[in-house]
Amino acid sequence: MAFKLYNTLTRKKEVFKPIEKGKVGLYCCGPTVYWHQHIGNLRTYIFEDVLKRVLMYNRFKVMHVINVTDVGHLTSDADVGEDKLLKALKREGLPLTKEAMLKLADKYFDEFKQDFEKLHILMPDVWCKATEHIPEMIELIEKIEKNTYTYTTNVGLIFDTSKFKDYAKLGRLNLEEIKEGARGKEDPERKHPSDFALWITNQPNHIMLWDSPWGKGFPGWHLECAAMSMKYLGDQFDIHCGGKEHIQVHHTNEITEAEAATGKKWVNYWLHAEWLVVPKGKMSKSKGEFFTISDLIEKGYDPLAYRYFCYTAHYRTPLTFSWEALDSAKIAYENFKNRIIEMKEDLVSKPKDNKYQEQFTAAVNDDLNIPVAMSVVWNLIKEKDLGNKEKYDLLLDFDKVLGFDIRGFKRVEISEDIQKLVDEREAARKAKDFKKADEIRDKLKEMGIVLEDTPQGVRWKRA
Ligand SMILES: [Zn+2]
């Protein structure tokens with residue numbers, strides 16, 4: 001079955017063809033570790049996880065790289081402003097030293113990895129930190145410089161975008177419009193508004209500085225992704241992903257740097273995730289309205305209910321966040337879980353020809369259409385003609401993509417208090433005191449426990 005992905009470069013769904021048969025190089029722009037990641041950021045990582053899982057489902061061997069930005073990401077896209085990590089040190093009242101900065105970066109990186117675990121996002125083969133790859137970045141700049149794409153201003157070493165003919169290709173940019181926009185205005189010596197810094201100098205107050213042929217300084221943000229992805233995946237590789245906010249500047253500049261250095265096409269497929277939106281627009285830290293996975297857990301949500309919520313929209317459509325919408329996803333996920341738990345407790349075999357496998361593969365291979373794949377999953381769960389064993393085996397297979405770990409689904413341990421009430425109700429029922437039995441049933445319902453009277457006795461589940 002053809003496996004198709006939507007490529008931002010061509011604005012088309014294309015049949016995926018790897019550079020090397022059976023193998024895929026996958027690079028995903030990672031976090032700037034200066035604060036908590038919010039659930040909008042994590043929507044992008046869930047999409048990338050699904051992509052990786054679908055690649056593996058199609059039997060590709062995936063080499064997955066994610067970078068960790070611990071230096072050089074400035075508050076402004078115009079290569080000026082404060083380093084986000086420096087801003088974070090001030091926010092948290094920490095000493096303005098290199099040690100404190102690296103410690104802070106580690107703290108938020110650890111938190112990010114915990115979010116991955118909670119959401120069942122598979123870890124990459126390589127996590128690479130910007131501060132640990134400065135020599136590779138300097139080497140890349142030297143190649144770009146040798147190919148005569150650079151000039152110097154008071155900000156640092158600048159890339160001359162007018163010399164790179166494909167500059168506008170990924171973003172379908174209108175360079176005239178950029179001229180009138182804000183980009184580059186803060187550096188008066190810049191030749192073109194779209195030009196950007198490769199190496200930033202003349203910032204003596206910056207905490208982390210390295211020696212380089214262009215003076216003491218630090219790398220521009222885009223450079224780290226270009227240098228590190230090529231180190232681990234080669235000069236040319238298959239897929240590069242990120243949030244759609246990166247198309248216009250960050251990814252455009254990454255391509256420019258990589259291709260100016262090598263003179264070759266760099267990445268074949270660019271995939272971008274749409275945003276998680278709140279009434280004010282994109283969920284973002286700068287607007288202040290954001291929630292983390294810890295916030296969700298505190299409010300009683302299973303992080304996987306958030307994963308399930310993300311499956312209600314295709315990754316290229318905006319997903320509107322509200323607590324009501326998350327509640328609906330939570331209920332649907334609980335239902336999904338309970339149906340599978342009940343299925344597992346009664347694994348009768350009744351084989352019958354079916355098309356679920358084919359339908360599921362067709363959906364995920366059609367540019368990762370998870371909402372359609374989930375409807376196939378639900379049709380399978382509700383199927384009456386197929387045995388539970390056959391259904392469960394198919395679900396285990398689909399779970400390689402879905403990532404819920406349904407093998408681990410089990411009835412929640414009932415607390416002693418609840419068990420006592422269940423027993424009391426059983427006793428009342430046996431004594432034909434139906435009034436009391438009903439009262440206890442209602443009380444349990446308020447506690448989120450639903451009872452079912454079956455021929456085998458009373459069974460309970462979480463509502
Ligand atoms: Zn990047």
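Only the coordinates and a few stated rules stand behind these numbers; no lab work does. Owing to the predicted nature of the structure, the values given are computational and were not obtained by experimental measurement. Please note: Cβ atoms are built from the backbone with ideal geometry, for glycine as well, and neighbour counts cover all protein chains shown.
Considering only Cα atoms, the convex hull volume of the chain works out to 157 Å³ per residue.
Counted over region 281-408 with a bin width of 5 Å, the fraction of Cα pairs per bin, in whole percents, is 2, 9, 18, 20, 18, 13, 9, 5, 3, 1, 0, 0. Of the three principal axes defined by the Cα atoms of region 411-458, the extents in descending order read 29, 23, 15 Å.
Would you please calculate the Kirkwood hydrodynamic radius of region 4-273 over all C-alpha pairs and express it in Å, rounded to one decimal? It works out to 19.1 Å. Sequence-distant contacts, meaning Cα pairs under 8 Å at least 6 residues apart, place the relative contact order of the chain at 17 percent.
Using Cα-Cα distances under 8 Å and only pairs 6 or more residues apart, what relative contact order does region 4-273 have, in percent? After rounding, I find 24 percent. Loop-located trypsin sites (Lys or Arg not before Pro) in region 376-463 (DSSP state not H, G, I, E or B) with no more than 12 neighbouring Cβ atoms inside 10 Å: K384, K410, K432. The relative contact order of region 321-390 comes to 43 percent, based on Cα pairs under 8 Å that sit 6 or more residues apart.
Here S162, S284, S212 are placed in order of increasing Cβ neighbour count within 10 Å, fewest first, which gives S162, S284, S212.
One way to sum up the overall shape of region 185-248 is the equivalent ellipsoid from its Cα gyration tensor, whose semi-axes run 25, 18, 11 Å, largest first. Over the chain, dividing the summed -39,500 (n - 2.57) contributions of all DSSP H runs of at least 4 residues by the number of residues returns a 222 nm mean residue ellipticity of -13000 deg cm²/dmol. A Stokes-Einstein calculation at 37 °C with viscosity 0.692 mPa s, built on the Kirkwood radius of region 1-146 over Cα pairs, returns a diffusion coefficient of 187 µm²/s. The count of lysine pairs in region 40-128 that are at least 8 places apart or cross chains, and whose C-alpha atoms lie under 20 Å apart, stands at 16.
Going from the fewest other Cβ atoms within 10 Å to the most, the residues W214, W199, W378 appear in the order W378, W214, W199.
Region 376-463: D in µm²/s via Stokes-Einstein (Kirkwood Rh, Cα pairs, 25 °C, 0.890 mPa s)? D = 159 µm²/s.
Calculated FRET efficiency, K191 and N354, Cβ-Cβ r, R0 60 Å, to nearest 0.05?
Calculated transfer efficiency: 0.40.
Taking region 1-56, which trypsin sites (Lys or Arg not before Pro) meet the DSSP loop condition and have no more than 14 other C-beta atoms within 10 Å?
R11, K21
Can you say what percent of the DSSP beta bridges in the chain, counting only those with both residues inside, are antiparallel? Round to 5. In the chain, DSSP labels about 50 percent of beta bridges as antiparallel.
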